[in-house]
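Take a look at the structure below.
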Amino acid sequence: MSAMQPLKISDALRWVCGVLCVLGGTLTLSNAAEIPARSAAAVPLPGLSASPRSAADRYPSPGGLVADLAPGESVSPPVPAADADDRQSASNAPPAPVVAAPQAEPRPVRDSLDAELVYAVLVAEVAARRGNLTMAFTHFLHAAQLARDTKMAELAVRAAIGAQDDAGAGRAVALWLELAPESLGAHQIAALLRIKAGDREGALTHLTRVIRLAGADGESGYLLAAGIVGRAASAPERVNLMRALVALDEANPDAQQALAVVAAGSNENLVAAGAARRALELRPGWDTPRLFLVKLLLSEGKRGEAREQLEAFVAATPEDQGLRMLYAQFLVEEKEFSSAREVFATLLEARPKAPDVLFAAGVLSLELDDLDAARGYLTRLYQAGERRDEASFYLGQVEERAAQPEAAIDWYGKTEGENLLDAQIRIAVLRAKAGEVERAREIVQQLRDQVPEDAPMLYLAEAEILDQIDREALVMQVYNAGLAAFPDDADLLYGRAMYAVKRNRLDLAEPDLRRIIDRNPGHADALNALGYTLADRTDRYQEALGYIERALKLKPDEPAILDSVGWVNFKLGNYDVALEFLTKALSAMKDGEIAAHLGEVLWAMGRQDEAWAVWDAALKDHPDHLYLQEVVGRHRVTRQEESPQ
């Protein structure tokens with residue numbers, strides 16, 4: 001570019017902002033006026049096409065308004081109500097809608113820089129850098145008026161909003177609209193300002209412009225408008241404003257669906273459901289309102305109705321992938337894993353390489369213990385090059401369950417990312433089971449060096465690995481070493497205590513549990529463990545009850561604690577209380593030990609047939625549960641002794 005060529009104002013202003021980037025923090029208000037004196041027009045300006053960063057790039061949209069309302073952003077009402085400062089600043093907003101009026105004689109647009117313009121931009125930039133948004137607004141607005149430049153007007157709006165100056169923002173957005181009457185962003189902010197000022201008619205004026213302009217760009221204008229309406233201070237205000245907007249075009253399905261979104265975000269679920277159904281009537285087969293209606297029912301806890309609705313939608317449009325995916329997710333939440341896998345398999349017929357579907361089908365197959373199917377789905381996922389770390393980790397799980405340790409180690413060795421640590425621990429477990437104890441310990445010790453922040457957890461892992469292969473002396477050595485390095489780590493103390501209980505060393509377990517409780521009286525697990533251990537291994541039942549009741553207050557629905565309450569009351573002879581809590585515990589979690597305890601209580605109450613029913617059902621679910629087998633075996637002998645010869 002020749003030094004004497006005139007510049008476009010917008011390019012020149014971007015260059016000015018670029019100068020500030022170069023100057024960094026060295027610019028002061030006292031020397032800002034010296035720069036224009038050097039005659040900007042006479043300075044070569046290479047690289048203008050690279051668009052040096054402007055003020056808008058260097059500091060965020062104040063309050064997030066401009067960024068949040070940018071075209072194309074997703075909206076999810078509701079938005080928290082304005083705080084007291086916002087409501088106070090709203091009272092300063094201009095009373096009339098911010099709509100630009102045509103001017104009979106437009107002001108002349110400057111086609112070159114001058115000292116006054118450059119000074120205004122520089123001062124505004126410096127003020128913005130220093131957090132003085134009021135001064136930044138004043139000078140950005142002055143620059144916009146001098147240059148008749150929309151970018152400067154937008155920066156003035158941002159600065160005014162950041163300074164909580166709604167009146168100033170109104171003046172700046174009016175200029176912005178005067179310069180660019182079809183600016184979507186300007187109408188978005190103007191609508192928001194009118195909403196804050198309580199000017200419904202003014203807000204509707206700008207919202208209708210937003211809808212028209214966004215629609216012209218191929219966007220959903222009504223959803224964009226819903227995002228703006230969702231910023232109104234109260235739920236009734238949001239719904240009423242959206243209703244007024246929709247009333248202008250009631251037969252538009254996008255309008256009805258936008259009303260549904262705003263109403264749901266305002267906890268007006270009946271209005272939301274009605275609007276979504278109306279949208280579906282106006283546009284049969286539309287996926288969005290159908291998904292919305294199902295999710296609305298789920299949010300209300302109406303899972304039965306949601307299922308009926310979802311299954312009806314799927315039956316009506318079996319090719320709809322979005323509905324099938326939602327249905328599969330619903331079935332997973334219902335723990336209907338086999339049915340869910342069938343739905344995912346159907347989805348894969350249409351999209352054989354869909355990574356999320358392959359992953360879901362693989363994990364569900366693993367959950368169902370269908371190892372061949374799991375291996376197939378996860379191998380396809382790995383070969384597709386998607387989610388490879390997860391695929392390799394779960395393939396390791398598959399081979400481990402299939403009793404193929406070397407294949408499992410191979411897959412675990414390919415795992416990186418978030419599952420890397422778990423994969424390496426599994427390798428150590430497999431090495432230890434294969435008799436390579438020292439190699440297994442080396443793996444864990446190296447991990448402690450590599451990931452020192454996880455060292456306490458890795459001491460626990462090493463101890464558990466050694467426990468699995470019955471290296472009792474080494475287990476205690478590892479716990480002791482871990483606690484020497486991290487003497488107050490609650491997890492290590494708890495782990496050592498539980499290992500001591502397992503070895504009938506209450507003399508070691510009790511001090512560790514008390515140490516945890518002394519440091520954290522709200523540690524429910526330690527309270528429960530100490531109480532249960534005292535009830536089960538000693539006759540200190542009242543003391544045990546005290547600890548367990550404290551745990552129950554902290555976690556009233558925890559099955560393990562409910563079991564402890566039942567067991568200590570059984571020991572105290574309070575059979576009715578014991579029965580109540582143990583029944584509740586077993587309903588919450590099908591566990592072999594809880595079932596064993598419940599059977600004991602029923603037996604003591606003379607209800608032997610019910611006890612056997614509980615034990616038989618538990619043995620089907622937990623055939624290898626040693627404690628359950630011991631209890632059942634003891635009572636089976638008793639029953640045989642009492643049977644007539």
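The values are calculated or read from the model by the stated rules, or taken from the named source; none is laboratory data. These numbers were taken from a predicted model, which means no experiment stands behind them. Note that each Cβ is placed from the backbone with ideal geometry, even for glycine, and that neighbours are counted across all protein chains shown. Heads up: the accessible areas ignore ligands, DNA and RNA and are worked out on the full protein's heavy atoms, side chains in. Shrake-Rupley method; radii C 1.70, N 1.55, O 1.52, S 1.80 Å.
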* To do: Starting from the range 351-371, keep only residues that are closer than 12 Å to residue 381 by Cβ, then list their pairs with residues that are of a type in the set (Asp, Glu) and at pLDDT 90 or above whose Cβ atoms are within a distance under 7 Å, requiring at least 6 positions of separation or different chains.
  => 359/390
* Only one of (1) surrounded by fewer than 21 Cβ atoms within 10 Å (Cβ to Cβ); (2) in contact with a helix residue (DSSP H, G or I) (Cβ under 9 Å, 6 or more places away or on another chain); (3) over 22 Å from residue 522 (Cα atoms); (4) at pLDDT 95 or above is not met by residue 484, so which one is it? -> (2)
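Give 213, 193, 207 a once-over and let me know the one that is part of a helix (DSSP H, G or I) and either surrounded by fewer than 21 Cβ atoms within 10 Å (Cβ to Cβ) or of a type in the set (Ser, Thr, Tyr) (or both).
Details: 193 fails: either surrounded by fewer than 21 Cβ atoms within 10 Å (Cβ to Cβ) or of a type in the set (Ser, Thr, Tyr) (or both); 207 fails: either surrounded by fewer than 21 Cβ atoms within 10 Å (Cβ to Cβ) or of a type in the set (Ser, Thr, Tyr) (or both).
Checking each option against the conditions leaves just 213.
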* Structure fact -> Log entry, pairs with first residue in the range 599-614 being without any contact (Cβ under 8 Å) to a residue 40 or more places away in the chain, second being surrounded by fewer than 16 Cβ atoms within 10 Å (Cβ to Cβ) and among the polar types (S, T, N, Q), beta carbons closer than 9 Å, six or more apart or on different chains, reads 603/638
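Right, residue 198: in a loop (DSSP other than H, G, I, E, B) and modelled with pLDDT under 95 or not?
Criteria met by residue 198.
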* **Counted residues, the range 375-415 - those being acidic (Asp, Glu), open to solvent by 70 Å² or more (accessible area, probe 1.4 Å) and either under 22 Å from residue 342 (Cα atoms) or touching a helix residue (DSSP H, G or I) at 6+ places or on another chain (Cβ under 7 Å) (or both)** => 1
* **Near pairs, Cβ below 7 angstrom, 6+ apart or cross-chain, from the range 269-285 (farther than 12 Å from residue 258 by Cβ) to any residue that is in a loop (DSSP other than H, G, I, E, B) and aliphatic (A, V, I, L, M)** => 282/251
* To do: State which residue pairs qualify: first residue in a helix (DSSP H, G or I) and inside the range 326-342, second residue among the polar types (S, T, N, Q) and open to solvent by less than 40 Å² (accessible area, probe 1.4 Å) in any location, beta carbons under 7 Å apart, and separation of 6 or more residues or different chains.
  => 341/365
* For the range 432-457, which residues satisfy the criterion of being of a type in the set (A, V, I, L, M, F, W, C), assigned to a helix (DSSP H, G or I) and touching a residue at least 24 places away in the same chain (Cβ under 8 Å)? -> 432, 437, 440, 447, 455, 457
* To do: Please give the helices (runs of 4 or more DSSP H) falling wholly within the range 133-184 in which 3 or more residues are farther than 24 Å from residue 205 by Cβ and open to solvent by less than 40 Å² (accessible area, probe 1.4 Å).
  => 133-147, 150-162
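Yes/no matrix, rows are residues, columns are (1) surrounded by fewer than 14 Cβ atoms within 10 Å (Cβ to Cβ); (2) within 34 Å of the chain's Cα centre (by Cα):
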| position | (1), (2) |
| --- | --- |
| 457 | no, yes |
| 461 | no, yes |
| 465 | no, yes |
| 469 | no, no |
| 476 | no, no |
| 494 | no, yes |
| 497 | no, no |
| 507 | yes, no |
| 510 | no, no |
* Restricting attention to the range 423-444, report how many residues are surrounded by fewer than 17 Cβ atoms within 10 Å (Cβ to Cβ) and out of contact with any Lys or Arg (no Cβ under 8 Å at 6 or more places or on another chain). => 6
* Consider residue 372 against the criteria (1) within 24 Å of the chain's Cα centre (by Cα); (2) under 24 Å from residue 400 (Cα atoms); (3) surrounded by fewer than 14 Cβ atoms within 10 Å (Cβ to Cβ): it satisfies all of them except one. Which criterion is unmet? -> (1)
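Step by step: first the residues of the range 354-365, then only those that are hydrophobic (A, V, I, L, M, F, W, C) and surrounded by 21 or more Cβ atoms within 10 Å (Cβ to Cβ), then the one that is farthest from residue 321 (Cα to Cα). Which residue is that? Even if it seems obvious, please write down each step before you answer.
Within the range 354-365, the first condition is being hydrophobic (A, V, I, L, M, F, W, C), and the residues that meet it are 354, 357-361, 363-364.
Going one step further and asking which of them are surrounded by 21 or more Cβ atoms within 10 Å (Cβ to Cβ), we end up with 357-358, 360-361, 364.
On the way: 357: 11, 358: 14, 360: 15, 361: 15, 364: 19 Å.
In this case the residue turns out to be 364.
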* Test residue 526 against the stated conditions and say whether it is of a type in the set (A, V, I, L, M, F, W, C) and free of Cβ contacts under 8 Å to residues at least 12 places away in the same chain. => no
* Can you pull out the residues in the range 389-413 that are without any contact (Cβ under 8 Å) to a residue 12 or more places away in the chain and either outside any helix (DSSP H, G or I) or under 32 Å from the mean Cα position of the chain (by Cα) (or both)? -> 403, 404
